[in-house]
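Here's the structure, in structure tokens; my notes come after.
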Amino acid sequence: MAEIILVTGGARSGKSTFAEKLALKLGNGRAAYIATAQIFDDEMAQRVKVHKSRRFNNWANFEAPFDADKIFPTVTENVILFDCVTMYLTNWLLTKNLDAKNIFTEFEIFIEKLITAAEKSCATVIFVSNEVGAGIVPENKLARIFRDFAGLANQKIAAHSEKVFLVTAGIAVDIKKFAERI
Amino acid sequence: MAEIILVTGGARSGKSTFAEKLALKLGNGRAAYIATAQIFDDEMAQRVKVHKSRRFNNWANFEAPFDADKIFPTVTENVILFDCVTMYLTNWLLTKNLDAKNIFTEFEIFIEKLITAAEKSCATVIFVSNEVGAGIVPENKLARIFRDFAGLANQKIAAHSEKVFLVTAGIAVDIKKFAERI
Amino acid sequence: MAEIILVTGGARSGKSTFAEKLALKLGNGRAAYIATAQIFDDEMAQRVKVHKSRRFNNWANFEAPFDADKIFPTVTENVILFDCVTMYLTNWLLTKNLDAKNIFTEFEIFIEKLITAAEKSCATVIFVSNEVGAGIVPENKLARIFRDFAGLANQKIAAHSEKVFLVTAGIAVDIKKFAERI
């Protein structure tokens, strides 16, 4: 079964850079990169470009804005970097009816599918995610639901992870190593 | 004098779940739960319902959206879980005139009252609170004042606490154990 | 070359209070304080007043809303507290055309200038900064750019720092001490 690692942190915390270094180290200079972004506008195109410029030839590149579980089995590298969970969640959430009664159950199935696909992989899987819950409660409902689901997704992935790195100002701490066990 | 423990973290960080486990562990399967929510709408009713469904028969349930200091002396359990400080602060703040000159002094009295009540208790008191200050400065004044007061409340409670757990993605780290002492 | 220390945290996390104590301890009761605030309104005047009331006679006071690199060489104290990076960034950003193509390059020059000035100083320099990236993505562009630049500034300063304190509820943890090195 795959070893899972979660790398989380706020915006511009340096989490992606850390995760990329970690992936290449664990993969001895070679890893698979599963990108999740859909390109909607110039600002996002620019962000993706900056990300890609760091990815050189060491990477096997995959795109999975949706149905990432179908991508995992096709990867032959020993290390997979999945960047990022919150973008992948956003893509999914924007296709959903937020007022549907079963939205929470659907979310649980959605996130379990991703974790199961990672666990079935023979590779070490590094998930990058975002901390989005340490600000004021957002005024719009979509943002609140997204915030809830992002937090829950991180909890679920962290529970399946060997290591959970919280990145702040480029400094990554494996909080699972220092965690209280009860 | 009571031992005080603070459990803080962002939204959906898993702080309540951790605090509940901790309370039942410290209380050998029995604890008091002081709930602070006022039910305003369906969304909140749903959140409270999810919370309550985790509380089974191991809990003595109390409701204290206001004047929690009057509840503490009535509790006979050895462990009290107070969930949560930021909701309790919100309830109080919504009854106040934010432009009053003495609002800050009133806040200090309000929070000291809560801490004193906890300290006078014979129980171990676990406060759950929220990290709300790590986003962008909010545009509306109430949100800014709330954010300030929530941060200050956490500082004050943490100063009186034996342990301060910061929960991220369900992982709880006792940051007081790793703190710099100066 | 100066030793650099970064103290970061959310709003009302107690980061300034911790940084002030640290500065006076390292300076044996005497330190320089470089303030960055521009006074725009009563609310900010009040915040500055609270800050200054903690600064007594132990401090040599400097004001540097802009061009702080010109202030550092004039300071003769052994410890400099710079409070704060995000305010200093805000002052600068508000003078800029956000749509300019070279805004990112300009930002890099701006922040390198600050770091270089600190490194050239003979004093120990303590930078206070804010964590602003752990909430929901802001809707307005200025806030998004500010959030990006604040995060990047923290990364750059942290990379040059001996110690990086993350402050939560008044508790300061040197995350660089516990960091994963790869």
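Values in this text are rule-based calculations from the coordinates and carry no lab data. All values derive from a computational prediction rather than experimental measurement. Positions of Cβ are generated from backbone atoms using ideal geometry, with glycine treated the same way; all protein chains shown enter the neighbour counts.
With label points set 7 Å from Cα along Cα→Cβ, the inter-copy distances at B:Thr95 are 4.9, 4.9 nm, sorted shortest first. Between B:Gln155, B:Gln46, B:Gln38, the Gaussian network model of chain B with springs among Cα atoms under 10 angstrom shows the greatest mean-square fluctuation at B:Gln46. Legend: ranking of residues A:Leu6, C:Leu26 from fewest to most surrounding C-beta atoms inside 10 Å; resulting order C:Leu26, A:Leu6.
Taking a span of 24 Å or more along the helix axis (Cα atoms) and a mean Kyte-Doolittle hydropathy of at least -0.5 as the rule, the DSSP H helices of chain A that qualify are A:103-120, A:141-159.
Net charge in the neighbourhood of C:Ile126 (other residues with Cβ under 12 Å of its Cβ; Lys, Arg +1, Asp, Glu -1) is -1. Are any of the pairs B:Lys141/C:Lys113; A:Lys163/B:Lys52; B:Lys49/B:Lys120; A:Lys120/B:Lys49; B:Lys120/B:Lys156; B:Lys70/B:Lys163 more than 23 Å apart by Cα-Cα distance, and if so, which? Check vs 23 Å cut-off fails for B:Lys141/C:Lys113; A:Lys163/B:Lys52; B:Lys49/B:Lys120; A:Lys120/B:Lys49; B:Lys70/B:Lys163. Remark: A:Thr17, B:Thr95 ranked as B:Thr95, A:Thr17, counting other beta-carbon atoms within 10 Å and listing the fewest first. Residues A:Phe107, B:Phe104 in ascending order of nearby Cβ atoms (within 10 Å, fewest first): B:Phe104, A:Phe107.
When 1/r is averaged over all different Cα pairs and the result inverted, which Kirkwood radius in Å belongs to the protein assembly as shown? Present the calculation step by step, with values, prior to reporting the outcome.
Details: mean 1/r = 0.0410 Å⁻¹.
Mean inverse Cα-Cα distance, inverted, gives 24.4 Å.
When the alpha carbon coordinates of the range C:141-182 are projected onto the principal axes, the ranges are 35, 28, 15 Å, largest first.
Structural descriptor for chain C: relative contact order 38 percent, calculated from alpha carbon pairs under 8 angstrom and at least 6 residues apart.
Do any trypsin sites (Lys or Arg not before Pro) in the range A:68-143 lie in a loop, going by DSSP, with at most 11 other beta-carbon atoms within 10 Å of their beta carbon, and if so which? Answer by residue number: A:Lys101. Label-point distances for B:Ala60 to the equivalent site in the other copies, using a point 7 angstrom along Cα→C-beta, read 6.1, 6.1 nm when ranked shortest first.
What shape does the range C:78-180 have by the C-alpha gyration tensor, where a ≥ b ≥ c are the square roots of the eigenvalues, rounded means a/c under 1.5, and otherwise prolate means a/b greater than b/c and oblate the rest? Please report the intermediate quantities before stating the final value.
On the way: a/c = 2.09, a/b = 1.31, b/c = 1.59.
In terms of gyration-tensor shape, oblate.
A straight line joining the Cα centroids of the range C:120-174 and the range B:58-81 runs 39 Å. In summary, the aspartates and glutamates within cross-link reach of C:Lys21, defined as a Cα separation below 19 angstrom excluding same-chain residues under 8 places away, comprise B:Glu180, C:Glu3, C:Glu77, C:Asp83, C:Glu162, C:Asp174. Computed over chain A with a Gaussian network model linking Cα atoms closer than 10 Å, the most mobile of A:Asn28, A:Asn61, A:Asn102 is A:Asn102. Estimated from helices alone, the mean residue ellipticity of chain A at 222 nm is -12500 deg cm²/dmol (sum of -39500 (n - 2.57) over DSSP H runs with n ≥ 4, per residue). Across the identical copies, the label point of A:Glu139 (7 Å from Cα in the Cβ direction) is separated from its matches by 0.6, 0.6 nm, in order from shortest.
Please build a GNM for chain B, connecting alpha carbons under 10 Å apart, and tell me which residue among B:Ala64, B:Ala11, B:Ala45 fluctuates the most. Comparing B:Ala64, B:Ala11, B:Ala45 in the GNM, the peak value goes to B:Ala45. Its Kirkwood hydrodynamic radius, worked out from the mean inverse distance over all distinct Cα pairs, puts the range B:4-174 at 16.3 Å.
For the rotational copy pair B/C, the chain B residue whose Cβ lies nearest the symmetry axis, together with its distance in Å, is B:Gly135, 1.
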